[in-house]
1. Residue by residue through region 173-194, note down the ones that are assigned to a helix (DSSP H, G or I) and acidic (D, E).
2. Looking at L144, L114, L164, L149, which one is within 30 Å of A247 (Cα to Cα), modelled with pLDDT of 85 or more and surrounded by 20 or more Cβ atoms within 10 Å (Cβ to Cβ)?
3. Which one of these does P279 not meet: (1) surrounded by 13 or more Cβ atoms within 10 Å (Cβ to Cβ); (2) under 29 Å from the mean Cα position of the chain (by Cα)?
4. Which numbered condition in (1) within 30 Å of V249 (Cβ to Cβ); (2) under 26 Å from the mean Cα position of the chain (by Cα) is the only one that G65 fails?
5. Only one of K211, K248 is without any contact (Cβ under 8 Å) to a residue 12 or more places away in the chain, out of contact with any Leu (no Cβ under 7 Å at 6 or more places or on another chain), surrounded by fewer than 16 Cβ atoms within 10 Å (Cβ to Cβ) and not in a helix (DSSP H, G or I). Can you tell me which?
6. Residue check: is L164 under 30 Å from R258 (Cα atoms), in a helix (DSSP H, G or I) and in the same structural domain as E190 (by TED's automatic domain parsing)?
Amino acid sequence: MAGIIALVLLLVSATLFLVLRGRGGNQNLDDRLEEMAALGEPISLEKIELSQPFTERVIKPMLQGLSAIVQRTTPQQMLEQARHQLEMAGVINKIKPAQFVGIRLVTTAVGGILGFMVAGLSDDSGFGQKLLMIGGGILFGYVLPQYMLTSQIRKRQENVLKALPDALDLLTICVEAGLGFDAAMSKVAEKWDNELSLAFTRAVQEMQLGKLRREALRDMATSLDVGDVTSFVAAIVQADQLGVSMAKVMRIQSEQMRMKRRQRAEEKARQAPVKIMLPLVFFIFPTILIVLLGPAILQIKESGVFGL
């Protein structure tokens, strides 16, 4: 039974991972039809359906049905909070807020069922302990999707922080070479394929559709929620409103971001000795002692000294 519970937890975690990452087959319907036609196979609706990945055939239709129910019953504030978190994670185009809330409800129910099963197997446990097991399963199922989403947000923010100084250097060079700020952002977006370039691409597209530059940049900063990006956007918006030279502002911002990156690297370097202390004491030192003193202890034991 423990193996079944572990398998269910693994399947739930894998499903959440696929949904949040948006993976599960990038091949579209036209490509599958072309492959089947090239192989000379008769094309039928059943084959087309079975050629789709599991997430497309089963998971997404279930989520869509569940999200319709959640959309009608969930408070708007909770949906707005979920939308903001999904936007920060960069998966707002792959999963809707109502779908994410529905996933949390499903995992909460699954966690409660698993906790109930574990409590049923524990015959020696009292009522309080069984109730604690059920509550722990419910809490685990409720927290798991949020934990995975938070991890995705943190990873995205770290990628943005790593890419920001180099992007600002290229942005400064383009502006000093005579390009406008919007065209320079487009060049940076074309140069790399990371979270920051995707955010730049979205901001440029919004500006091309008629949104004001300051609004597009502020929305970009809100979706990333990175302090360095927020300060950079504030400086650009202020320079745009006051008519300050954009090239000078970009040069100052670029130097500040490089200095902050160097300071973060120095901070992590200072933290390394403290972080390595625990594995050094509990894993490396005992092994060294066993290797060095083990043969001596065996020889002393064989010699009969000290009555060993």
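The values are calculated or read from the model by the stated rules, or taken from the named source; none is laboratory data. Please read all numbers here as calculations on a predicted model, not as lab measurements. For neighbour counting, all protein chains shown are included, and Cβ atoms are generated from backbone atoms with ideal geometry for every residue, glycine included.
1. E176, D182, E190
2. None of the other options fit; the residue is L164.
3. (1)
4. (1)
5. Of K211, K248, the one residue that is without any contact (Cβ under 8 Å) to a residue 12 or more places away in the chain, out of contact with any Leu (no Cβ under 7 Å at 6 or more places or on another chain), surrounded by fewer than 16 Cβ atoms within 10 Å (Cβ to Cβ) and not in a helix (DSSP H, G or I) is K211.
6. Yes; evaluated as a whole, the condition is true for this residue.
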